[in-house]
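The numbers here are math on the coordinates, done by the rules we state, and not lab data. Just so you know, these numbers come straight off a predicted model, no measurement behind them. Please note: Cβ atoms are built from the backbone with ideal geometry, for glycine as well, and neighbour counts cover all protein chains shown.
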Amino acid sequence: MYRTTLIPTGGSEASFGAVADAIEVTAPDGTIHVLGIVEDLPTHRRSGKPQKFDGGDDERVRLEAAVDRIAASVEEAGIDSVTVVEEGVPSHEIVEYAADADVDAIVMGKRGPSDAAADLLGSTTERVLRDAPTTVVSVPALD
């Protein structure tokens, strides 16, 4: 079991699907960090989902609600949680936060194979797997 686990989220269903796995691998007296990331990418590198970038403050509010939803599930399981919302390039923010918080594992959802943007650009999960300073558990999306 891990003492300190990180669940990163952009508010996707894939990240909510990783919560049970994070709870399962985290020690009962451990801590789960929930990191929400508001994507801040140059236009030419965005993930192919323009609706994600039209909201400004609305996007931050939506993401804070997603972080709170995950934290509530973690606390319901009796595990302490820490919540943070950052802005930036998701994979960079996840790797940096994991290093700074000295987490033992990152547990994150992986989009399904039907996601065309991931096929063309690669996924955040793939980038984190490549660059993370710790164990990464990739939880496949349930279709």
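Near the amide H of Ser12, within less than 5 Å, lie no amide hydrogens of residues on another chain or at least 5 residues away, with H placed in the peptide plane. Between Val82 and Asp40, residue separation times 0.36 nm minus the direct Cα-Cα distance comes to 12.9 nm. Across region 94-102, coupling constants 3J(HN,Hα) worked out from phi with the 6.51/-1.76/1.60 Karplus curve, θ = phi - 60°, read 5, 4, 5, 5, 4, 5, 5, 8, 6 Hz, and Gly and Pro carry x. Taking amide H atoms as placed 1.01 Å from N in the peptide plane, the amide H of Asp40 lies under 5 Å from those of Gly88, Val89, each 5 or more residues away in sequence or on another chain. Between His92 and Glu64, residue separation times 0.36 nm minus the direct Cα-Cα distance comes to 8.2 nm.
Full extension of the chain between Asp57 and Thr135 gives 24.8 nm of extra length, using 0.36 nm per residue less the Cα-Cα distance. The label point for Ala99 and the one for Arg3, both projected 7 Å from the Cα toward the Cβ, are 2.1 nm apart. Around the amide H of Thr4, modelled in the peptide plane, lie the amide H atoms of Thr31, Asp104, Ala105, all under 5 Å away and 5 or more residues distant in sequence or on another chain.
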